[in-house]
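Okay, so here's the structure we're looking at.
The values are calculated or read from the model by the stated rules, or taken from the named source; none is laboratory data. Keep in mind it's a predicted model, so treat the numbers as computed, not measured. We place every Cβ from the backbone using ideal geometry, glycine too, and count neighbours over all the protein chains shown.
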């Protein structure tokens, strides 16, 4: 089953060219890997709606835009469950987001921060408040409704971000290096929490990571991006054996485990 | 990293400056108190005229502050939201211009735009409005204070808004926050933290504003304490009233300074390396319209008076003006005064900063000394230049010829005015320089002249010149101290502009105003340019 389809999605940012044409499995955790600047976050930004695919895709990699006669079929599209979302505003997309940091508005308490995930103008019913409390309890932050983010540890802040994703209940969860700012010891516990939440909701998870252990531990599938293109897309067992490029070999270690 | 001798030199230098400053300010206050005493203080609180002046001072300052901030909020919001459009950087620079412009020059430009014959009233009458806006009186004072302080508020707010982590904007777009939600949950909380400090500063500037009220205020109904002091001394010659007003002014600034000290300092929370800021909400039609209006109104309001000064100045006979002996004389006087004031301010600031460094980590006595050094800035702010000048004016009155002392006093008052700002400019640079070079210089045994020439001057030249430039701009544009002492003996450029304005020789005033404005702006730009970051160089050192 396919959750996300990127069809001929091309994007130029400054002098960097990106081109994605891939499918992401539904109800699974897919790890997105690659060197810094290769385009991992750009892939997430495209799906989240922070970037819009270019109108026409480059004929050849690196040659820019040779044609002005873009046809509809040559325009990049992003489909979620068969529906084209490429022109939708980020808020209209079936997506929840978790960044590495600053996921919560620092001056607002957790109830407000998570409540904004339900209603952007913070019109919350009693039932909504109960849902928020339940979500906080689920991520291990029961009773933290009135706490301000600066009074929490980095791990607790990421848990709160998970709680917001939980109440939003969107079919896609995009995580951009969510554990990179945490101590190695904490990462395991957070990954376990993510796995549990994923299993309960059956959502589709896309997680950008720098950590091969995290790929092995969390993911069902994995992508490796190099120079703005997806070099490898495979189930995780196969992915860990691949050494398609020096970059991938450097990421996974020289010899297959 | 100082030897005992170096330390002693540093401490005594700071002590000397501190003593001179306290003496200079203290003598003026002592004179006021001695002449007036309790009788004056009592007379002040019962004098209807003085109470009226006090009331108006506070009333116009409150209104000016509120209007400046209300105007600044949508402009700062618009500039923060629209991050990419042609000329944005020039708009942000435009916001810095009023700060470097002498108040008198700004007043001239505002009269040209808002005066009876100005563009604003012509436009209004064209629209069929018969009642013209009067630039004189409360309206004029408010327009002028907003002209000078809205950009200031705007800059502070913009800096705050631009420090919001990039993730917030992505998250707010993803969560579907609309304009008013973004304002309520993101922008306003940030502004709310900044505004008390900004409001305190603007209120202080408006409550002690002299030149603008002098040129635009209308009669006894629209006068502030500072202008009333000036009138009491120069026109009515009623020293007791001047004393009462001066004491009242000190009380008012003391209260304002105390309130500012109590206000929460803007938080300096650690910035995480966030994502780059991308404002997805910038393109919405409503946001675009609101931002265009806010930025457009700001541009017209701020730029028109500047353009008016430029156009009027160019229309005047600049060649003839530059050839006039009195202009030469005034220019020379202004140059000498501002250079003296600038040098005094920079040397004093350096002595203060140096002594603070030497006193750091010392015992109780040294800590007290360090506190006194830090308080010197507050002392200068507590006693506005006009009050300082009044004290000295009254002290020198018995000598029969106040004018003879005018030049050194004006230079000293201008230096004192600039001191807090120069300390703030030079202080961080000096500390940084010492951290970088202190240990190495000490281990090499460098001291005295060799250290000054090889280590300190190359490292500190730039911040010191910046401080000098800023202090000179402040002194060059100052009308207050000169107005009180000014006679035919002491004709500075601003005083010349002011007297030509009064004598209906407005073309001359316009030409001189343009020259003075350009000089002051150039000096301010040189004095406030951000210090170039050179990490590479530092590492190699």
Restricting region B:164-177 to residues that are out of contact with any helix residue (DSSP H, G or I) (no Cβ under 8 Å at 6 or more places or on another chain) and over 17 Å from residue A:89 (Cα atoms), the one farthest from the other protein chains (Cβ to nearest Cβ) turns out to be B:166
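Taking the condition assigned by TED's automatic domain parsing to the domain that holds residue B:28, surrounded by 15 or more Cβ atoms within 10 Å (Cβ to Cβ) and within 30 Å of residue B:225 (Cα to Cα), does residue B:426 pass? Please lay out each step first, then the result.
Details: assigned by TED's automatic domain parsing to the domain that holds residue B:28: yes; surrounded by 15 or more Cβ atoms within 10 Å (Cβ to Cβ): yes; within 30 Å of residue B:225 (Cα to Cα): no.
The answer is no for residue B:426.
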Just for region A:101-113: of the residues that are at pLDDT 90 or above and more than 7 Å from chain B (Cβ to nearest Cβ), which one is farthest from residue A:142 (Cα to Cα)?
A:104
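Do we find that residue B:262 is modelled with pLDDT under 85 and under 23 Å from residue B:208 (Cα atoms) in this structure? It would help to see each step written out before you state the result.
Numbers: modelled with pLDDT under 85: yes; under 23 Å from residue B:208 (Cα atoms): yes.
Considered against the rule, which asks whether it is modelled with pLDDT under 85 and under 23 Å from residue B:208 (Cα atoms), residue B:262 comes out as yes.
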As an exercise: evaluate residue B:192 against (1) surrounded by fewer than 21 Cβ atoms within 10 Å (Cβ to Cβ); (2) within 14 Å of chain A (Cβ to nearest Cβ); (3) within 23 Å of residue A:99 (Cα to Cα) and give the number of the one condition it does not meet.
(3)
Might you check whether a residue that is touching a residue at least 24 places away in the same chain (Cβ under 8 Å) and in a helix (DSSP H, G or I) occurs anywhere in region B:443-450?
no
From the option list A:186, A:240, A:174, single residue qualifying as under 14 Å from the mean Cα position of the chain (by Cα) and either surrounded by 20 or more Cβ atoms within 10 Å (Cβ to Cβ) or without any contact (Cβ under 8 Å) to a residue 60 or more places away in the chain (or both) is A:174
For region A:120-160, which positions are in contact with a helix residue (DSSP H, G or I) (Cβ under 7 Å, 6 or more places away or on another chain) and under 16 Å from residue B:185 (Cβ atoms)?
A:120, A:121, A:122, A:124, A:132, A:149, A:160
Among residues of region B:75-107, those that are more than 18 Å from the chain's Cα centre (by Cα) and buried (at least 16 other Cβ atoms within 10 Å of the Cβ), counted
9
Criterion first (surrounded by fewer than 24 Cβ atoms within 10 Å (Cβ to Cβ), touching a residue at least 24 places away in the same chain (Cβ under 8 Å), within 14 Å of chain B (Cβ to nearest Cβ) and in contact with a strand residue (DSSP E or B) (Cβ under 9 Å, 6 or more places away or on another chain)) does residue A:26 satisfy it?
no
Quick check on residue B:198: is it closer than 30 Å to residue B:389 by Cβ, without any contact (Cβ under 8 Å) to a residue 40 or more places away in the chain, more than 14 Å from chain A (Cβ to nearest Cβ) and surrounded by 24 or more Cβ atoms within 10 Å (Cβ to Cβ)?
no
For region A:117-137, which positions are touching a residue at least 40 places away in the same chain (Cβ under 8 Å) and within 7 Å of another protein chain (Cβ to nearest Cβ)?
A:117
From A:163, A:192, A:234, A:216, grab the single residue that is part of a strand (DSSP E or B) and modelled with pLDDT of 90 or more.
A:234
In this structure, is residue B:184 under 18 Å from residue B:73 (Cβ atoms), surrounded by fewer than 21 Cβ atoms within 10 Å (Cβ to Cβ) and within 14 Å of chain A (Cβ to nearest Cβ)?
yes
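Looking at region B:74-115, which of its residues are assigned to a loop (DSSP other than H, G, I, E, B) and under 24 Å from residue B:194 (Cα atoms)?
Within region B:74-115, B:82, B:83, B:95, B:96 meet the criteria.
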Determine if region A:64-87 includes at least one residue that is over 24 Å from residue A:207 (Cβ atoms), exposed (fewer than 15 other Cβ atoms within 10 Å of the Cβ), touching a helix residue (DSSP H, G or I) at 6+ places or on another chain (Cβ under 9 Å) and free of Cβ contacts under 8 Å to residues at least 60 places away in the same chain.
yes
Residue under evaluation residue A:73, criteria (1) at pLDDT below 90; (2) more than 14 Å from chain B (Cβ to nearest Cβ); (3) part of a loop (DSSP other than H, G, I, E, B), criterion not met:
(3)
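Let me confirm something: among A:122, A:116, A:97, which residue is at pLDDT below 95, farther than 29 Å from residue A:7 by Cα and buried (at least 18 other Cβ atoms within 10 Å of the Cβ)?
Working: A:122 fails: buried (at least 18 other Cβ atoms within 10 Å of the Cβ); A:97 fails: farther than 29 Å from residue A:7 by Cα.
On inspection, the qualifying residue turns out to be A:116.
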I'd like to know if region B:151-161 contains one or more residues that are in a helix (DSSP H, G or I) and within 14 Å of chain A (Cβ to nearest Cβ).
yes
